[in-house]
Amino acid sequence: MDPITYSLCHKPVIGLLMFVASACGFPPLFQDAPFPLQQAQARMVRDFDAPVGASYALNLNFDFPSAAAILADEVAGSRHDGSCGRDYADISPAQREGLGRPIPVHVLVRDRQSGGVVLDRVFQTLCITSQGGPGFSKTRTAARIALAAGKYTMEVRSLQDQAGLDGVKTTVSLVPGGRK
């Protein structure tokens, strides 16, 4: 998607028509990059191009080997509610049920042309944002990142090993995070 099309998608009438015609979507900037959360200091590095300035969602994806494994999961979580935006220490033990375990990840984004740091931050992820799809999968939005159109390199690093993910394939994706 180019900047002109993106701009038109946000206009009241023509944007609605383009949205209905599926002309306003664009693919992930990168998808399903291996990111083994089972290991502390696991690292994923990807170059990508942001076609337009927008907010993008960095997602952690969990692909479970079976229905029994997804039901037994205590890491990714099974729900999303108002507690998800709070500090885990401030959530009562009764309200923690189904939120999953906090997973800290360090995200570093650099502009590929200048080498300058665009983002350098630790995000505490909590709660799933979606479940289902093909197979037995869950997704957790780790961060929302505002980027200008440009070429970038992203490094995502796990800060703690996550026990309880035996046999679970964990990946990371960067997808358009806006809504019509």
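The numbers here are math on the coordinates, done by the rules we state, and not lab data. Only a predicted model underlies this, so the values are computations on that prediction, with no experimental measurement involved. Positions of Cβ are backbone-derived with ideal geometry, glycine not excepted, and every protein chain shown enters the neighbour counts.
Tabulated values for the structure
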quantity	calculated
Coil-residue trypsin sites (Lys or Arg not before Pro) of segment 46-101, DSSP, other Cβ within 10 Å capped at 16	Arg79, Arg86
Modelled FRET efficiency - R0 22 Å, Thr129 with Ile91, Cβ distances, 0.05 increments	0.80
Taking the convex hull of Cα positions in segment 14-165, its mean projected area over all directions (nm²)	10.7 nm²
Inter-probe distance in nm under a simple model that places probes 7 Å from Cα toward Cβ, at Val122 and Arg43	1.8 nm
